[in-house]
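Engineer: Handing you this structure, nothing more for now.
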Amino acid sequence: MKLLGLSSGRRMGNSEILLKEALMGAEELGVEVEILRLLDMDIQPCKLCAMNTCPWVMKAPEKCIIKDDAPFLWDKIMECDGLIISAPVYTLTPPGHLKMVFDRGFGPKADVVFKKMEKEQGVDVDERIFKSRVGAFISVGGAKYPNWVSLGLPILHTLTFSFQVAIVDQMQVLRAADEGAVVLDEAALSRARKLGRHVAEAMGKPFEEVEYKGEETGTCPVCHNNLLIVGKETLVECAVCGVKGTIKVEGNKVFVDFPEEEQKKSRLTEEGLRIHVQEIAEVRGAYAPRRHEVPPKLEKYEKYKTPLKPPSKIKQ
Ligand SMILES: Cc1cc2nc3c(=O)[nH]c(=O)nc-3n(C[C@H](O)[C@H](O)[C@H](O)COP(=O)(O)O)c2cc1C
């Protein structure tokens, strides 16, 4: 059983220290651990060649036109049975380079439903995508109050749901403004060690059998976050997993009733991913008959101002 820790903060920064503490906790239970630091790797953004000709998707990551460390990261993630991602909070969210790396090679490119469909069509897919994988998130901010870390944990979930990492635990640390300051936060260190043990205990279990062990249960019973989309009615939606529920107010307390059948449609589940694949098929199906109208309409925009080039790209 392999547990991979992905550090996306500074070298020996607060998020990396907590990640190491979590890995130490997991190691005590006998799992093999490895750690990768995102900032040590050269990973460039996806150039979005085209989804249906993308060499990463259609052939293999190492066939991508961009030659960098992204295929190495892909292999490491595909090999692991457990994944802990630790991230600092940069202006309310995890750092952009972390999101960029997952946009490069994961998201729809690692979506289990898309991959099952490709396999049915005879495409040679990386079978490791389908293996049971559990995970946890560590988010670290320097602020005193949680309203400055509001999108840290929710956005970390968006990195892993396409390839069905069953999230067993998550933690948000505050007041870690200075480099290394977290070593003085005994509560955060012991919480991280516990998180590592939770991951180690769940590794190898199938997705449906993984039980959430986080201390912060959250409003949403599926992703355990508190981020809601509120419209003009009492129907609300979890911004992370898309589950719909009804908001209820009793005195000064707010509850959300998320029916069981709605929870099953969470985008964290295979059923939720399947619903989205269907939705995309409908969007593309509606577009297909009008595809021929697009090229003449594009001309206007092709002819409009050419984007400026930075000095480094101008030939002398
Ligand atoms: C560009 C930038 C933006 C930041 N924005 C926030 C923020 O919105 N909320 C917060 O709590 N901390 C913020 N911080 C503080 C970091 O989250 C904090 O210092 C964290 O411990 C850094 O993690 P690291 O030591 O693992 O790199 C920010 C730091 C930087 C460099």
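Engineer: Working carefully through the options Ser86, Ser132, Ser150, find the one that is small (Gly, Ala, Ser) and touching a Phe, Trp or Tyr at 6+ places or on another chain (Cβ under 7 Å).
Structural biologist: On inspection, the qualifying residue turns out to be Ser132.
Engineer: What about Leu23, is it of a type in the set (A, V, I, L, M, F, W, C) and over 30 Å from Glu118 (Cβ atoms)?
Structural biologist: So Leu23 fits the description; yes.
Engineer: Take the stretch 191-225 and flag every residue that is assigned to a helix (DSSP H, G or I) and open to solvent by 70 Å² or more (accessible area, probe 1.4 Å).
Structural biologist: Answer for the stretch 191-225, where residues must be assigned to a helix (DSSP H, G or I) and open to solvent by 70 Å² or more (accessible area, probe 1.4 Å): Lys194, Arg197, Glu201, Glu208, Glu209.
Engineer: Being within 22 Å of the chain's Cα centre (by Cα) and of a type in the set (Asp, Glu) narrows it down to one residue among Glu250, Glu237, Glu302, Glu282; which is it?
Structural biologist: Going through Glu250, Glu237, Glu302, Glu282 in turn, the sole match is Glu237.
Engineer: Continuing with this model, one more query. Out of Gly122, Gly82, Gly135, report the one residue that is over 12 Å from the mean Cα position of the chain (by Cα) and either of a type in the set (D, E, K, R) or modelled with pLDDT of 95 or more (or both).
Structural biologist: From the options Gly122, Gly82, Gly135, the qualifying one is Gly82.
Engineer: Can you say whether Val277 is in contact (Cβ under 8 Å) with a residue 40 or more places away in the chain, under 30 Å from Gln172 (Cα atoms) and among the β-branched types (Val, Ile, Thr), as far as the supplied structure shows?
Structural biologist: Here the answer is no, as Val277 does not meet what is asked.
Engineer: Counting just the residues of the stretch 1-42 that are assigned to a loop (DSSP other than H, G, I, E, B), away from the ligand (no atom under 12 Å from the Cβ) and modelled with pLDDT of 95 or more, which one comes out nearest to Asp178 (Cα to Cα)?
Structural biologist: Met41
Engineer: OK, next. Would you say Val89 is modelled with pLDDT under 90, β-branched (Val, Ile, Thr) and crowded, with 18+ Cβ neighbours inside 10 Å?
Structural biologist: In short, no.
Engineer: Quick check on my filter: what residues within the stretch 43-75 are within 18 Å of the chain's Cα centre (by Cα), surrounded by fewer than 16 Cβ atoms within 10 Å (Cβ to Cβ) and not in a helix (DSSP H, G or I)?
Structural biologist: Hits for the stretch 43-75 are Gln44, Pro45.
Engineer: List, please: which pairs have Cβ atoms under 6 Å, are six or more places apart or on different chains, and start with a residue in the stretch 133-145 that is near the ligand (Cβ under 8 Å from one of its atoms) and end with one that is of a type outside the set (A, V, I, L, M, F, W, C)?
Structural biologist: Val140/Asn14; Val140/Ser15; Val140/Pro88
Engineer: Restricting attention to the stretch 149-205, report how many residues are away from the ligand (no atom under 16 Å from the Cβ), among the aliphatic types (A, V, I, L, M) and over 16 Å from Leu3 (Cβ atoms).
Structural biologist: 1
Engineer: Further question: So Met117 passes all but one of these: (1) over 21 Å from Leu174 (Cα atoms); (2) within 16 Å of the ligand (Cβ to nearest atom). Which condition number does it fail?
Structural biologist: (2)
Engineer: List the residue pairs whose Cβ atoms are under 8 Å apart, where the first residue sits in the stretch 36-63 and is under 19 Å from Met78 (Cα atoms) and in contact (Cβ under 8 Å) with a residue 40 or more places away in the chain, the second is of a type in the set (Gly, Ala, Ser) and open to solvent by 80 Å² or more (accessible area, probe 1.4 Å), and the two are 6 or more positions apart or on different chains.
Structural biologist: Cβ pairs passing all conditions: none.
Engineer: What tally of residues in the stretch 73-114 results from selecting those that are within 11 Å of the ligand (Cβ to nearest atom) and either within 26 Å of Ala202 (Cα to Cα) or not assigned by TED's automatic domain parsing to the domain that holds Val165 (or both)?
Structural biologist: Total satisfying the criteria: 4.
The values are calculated or read from the model by the stated rules, or taken from the named source; none is laboratory data. Keep in mind that this is a model prediction, so the values were computed, not measured. Positions of Cβ are backbone-derived with ideal geometry, glycine not excepted, and every protein chain shown enters the neighbour counts. Please note that ligands, DNA and RNA were not included when accessible areas were found on the heavy atoms of the full protein model with its side chains. Shrake-Rupley method; radii C 1.70, N 1.55, O 1.52, S 1.80 Å.
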